[in-house]
Amino acid sequence: MKDPLIAQASSTIPEARQRPGRRFYIHTFGCQMNEADSSRMGEILRREGWTPAGTAQEADLILLNTCAVREKAEQKVMSALGRYRPLKLERGALIGVTGCIAQQEKERLLKKVPYVDFVLGPDGIPKLGEVLRKVQDERARVAETAWVDSEQYLFPRADPETSRGRVTEFVTVMKGCDHVCSYCVVPQVRGRELSRPVAEVMAEVRSLAAVGVREVTFLGQNVNSYQGGASFAELLRQACAVESLARVRFTTSNPHDLPDELVDSFGVLPKLMPHFHLPVQSGSDRILERMRRGHTVAHYLERVERLRRGRPDIALTTDLIVGFPGETEEDFAATQRLVERARFDNVFSFVYSPRPRTAAALHEQEWGHVPHQTKVERLERLQARIREISLELAQAKLGAEVEVLVEGPSKTDPHKRFGRIPENRVVNFVGEAAPGSLVRVRVERVTPNALFGTERG
Ligand code: SAH
């Protein structure tokens, strides 16, 4: 495929594409899964002889690792592409789009955005080097978005050397999603579920622990259906048994098929941190049914009750969608009631956004479109209350001593430190402790988003 813009870019600065010591820059959008994928792509690029650039302006290759979960996320990607366009014109930088928008748009993206050199779906990550060579050597524009058969798929292995000096890392345990939530694009862009074998996951965990990583967070769209040769709870047990690891976390689990064994893990594994992110999406059974979530509010609350029985200090966080097609004031009031009842430590709440080829988008006319103004107004009301509750829960920590895993210098003040408490809240504190150490911090001030305090001697 030829287009004038690409021809112009390569004829003005052709040597940029061949220059040795080439540098890459990865712009990551969206969730932790994308962050982990970006780390794997960075490692592949290093093995291919690329070095990381500090900014996009210095890079010969810019990767946008993208998110398709809401329209806003998609718009962010499109405007970032627009901002990177001059770098293609001025310096002949290569531009690749990876991740969920890449998978959603496939080769259409090459047509829509003529300065994109290649498009690479999530299953194509191991082929990144190959695709780049094609782009550079053959000056081809490539769209690599085929799914790989589960028998042939190899999860990219983390290179522990790039984690040296880091305190906390993500470890992918599954890919894809077999759920059919009617609003969600993830199954389309991430494919079918596949679990990574226990031995592979544990080899990665041990190699990270060996270079000093103190905390791992297991990642999967729904860890409940992990099938890597043991249950997910058994995988957690094995990770908690790694001596130099201090903390283990995971995300995400669906309340619908959340097994007792996983719930009960929180009561028996001290290294499994008392924080559970359990997305509920709505407080109305009528809406949950249309969302095809496979659970009711009562089921959700029963799971939460069992969790809190086993680990009374557990912090519960969730995701909520406001303005789903057909949501009435009454449905919304049910969501507000759930927020009061569950007392979430934190909530990620979103305005419903129709996604291409999802059941909810197809039924939106029939079920009833909620006007944008109403959605935003409901979201604001909900978020105001969520912040209040979050602040009340934080205030309960005032004056207390909390255990903090130190992650590094504070982002706002380099003389201070920052880390997290077991319940996952961020703490900024006055202290000297080295990253990776566990320290006691007295909490002196709180906001809904962070705690502030001083290290105890
Ligand atoms: N399986 C993952 C889903 C990731 S998407 C999980 O359970 O966390 C993260 C959140 O985005 C979802 O939980 C949902 O609250 C929100 N979301 C997904 N699709 C959406 C849509 N079409 N509109 C608004 N929010 C959406």
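The values are calculated or read from the model by the stated rules, or taken from the named source; none is laboratory data. Only a predicted model underlies this, so the values are computations on that prediction, with no experimental measurement involved. All Cβ positions, glycine included, derive from the backbone under ideal geometry; neighbour counts span all protein chains shown. Accessible surface is based on the protein model in full, side chains and every heavy atom, while ligands, DNA and RNA are left aside. Shrake-Rupley method; radii C 1.70, N 1.55, O 1.52, S 1.80 Å.
Worth a mention:
- Restricting attention to the stretch 179-217, the residues that are closer than 15 Å to SER253 by Cβ and either hydroxyl-bearing (Ser, Thr, Tyr) or touching a helix residue (DSSP H, G or I) at 6+ places or on another chain (Cβ under 7 Å) (or both) add up to 4.
- Answer residue from the stretch 340-358, given it is of a type in the set (Phe, Trp, Tyr) and near the ligand (Cβ under 9 Å from one of its atoms) and is farthest from HIS277 (Cα to Cα) among those: TYR352
- Residues that are surrounded by 16 or more Cβ atoms within 10 Å (Cβ to Cβ) and part of a helix (DSSP H, G or I), drawn from the stretch 252-284: PRO255, HIS256, LEU262, VAL263, ASP264, SER265, PHE266, GLY267
Residues are listed down the side, and each one gets a yes or a no for (1) crowded, with 21+ Cβ neighbours inside 10 Å; (2) under 19 Å from GLU74 (Cα atoms); (3) under 21 Å from the mean Cα position of the chain (by Cα):
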| site | (1), (2), (3) |
| --- | --- |
| LYS106 | no, yes, no |
| LYS111 | no, yes, no |
| ASP117 | yes, yes, no |
| VAL148 | no, no, no |
| GLU151 | no, no, no |
| PRO156 | no, no, yes |
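- Candidates are the residues of the stretch 241-251 that are open to solvent by 10 Å² or more (accessible area, probe 1.4 Å) and out of contact with any helix residue (DSSP H, G or I) (no Cβ under 6 Å at 6 or more places or on another chain); the one that is farthest from the ligand (Cβ to nearest atom) is GLU243.
- Members of the stretch 412-424 found to be under 17 Å from VAL213 (Cα atoms) and in a strand (DSSP E or B), listed by number: PHE418, GLY419, ARG420
- Counting the residues of the stretch 312-339 that are small (Gly, Ala, Ser), open to solvent by 20 Å² or more (accessible area, probe 1.4 Å) and within 13 Å of the ligand (Cβ to nearest atom) gives 0.
- Residue match in the stretch 340-354 (condition: open to solvent by less than 20 Å² (accessible area, probe 1.4 Å), farther than 23 Å from GLU71 by Cβ and not small (Gly, Ala, Ser)): yes
- Output for the stretch 193-242, where each listed residue is in a loop (DSSP other than H, G, I, E, B) and not small (Gly, Ala, Ser): GLU193, ARG196, PRO197, VAL211, VAL213, ARG214, GLN221, ASN222, TYR226, GLN227, VAL242
- GLU403 being open to solvent by 50 Å² or more (accessible area, probe 1.4 Å) and either over 24 Å from the mean Cα position of the chain (by Cα) or charged (D, E, K, R) (or both): yes
- A count restricted to the stretch 167-180 and to residues that are in contact with a Pro (Cβ under 8 Å, 6 or more places away or on another chain), part of a loop (DSSP other than H, G, I, E, B) and within 16 Å of the ligand (Cβ to nearest atom) stands at 5.
- Verdict on LEU194 being within 21 Å of the chain's Cα centre (by Cα) and within 13 Å of the ligand (Cβ to nearest atom): no
- Among (1) out of contact with any strand residue (DSSP E or B) (no Cβ under 6 Å at 6 or more places or on another chain); (2) more than 16 Å from the ligand (Cβ to nearest atom); (3) at pLDDT 95 or above - the single one ARG22 does not satisfy: (3)
- Positions within the stretch 52-76 being part of a strand (DSSP E or B) and within 16 Å of the ligand (Cβ to nearest atom), in sequence order: ASN65, THR66
- Condition broken by GLY228, with the remaining ones in (1) open to solvent by 30 Å² or more (accessible area, probe 1.4 Å); (2) more than 30 Å from PRO435 (Cα to Cα); (3) away from the ligand (no atom under 11 Å from the Cβ) satisfied: (1)
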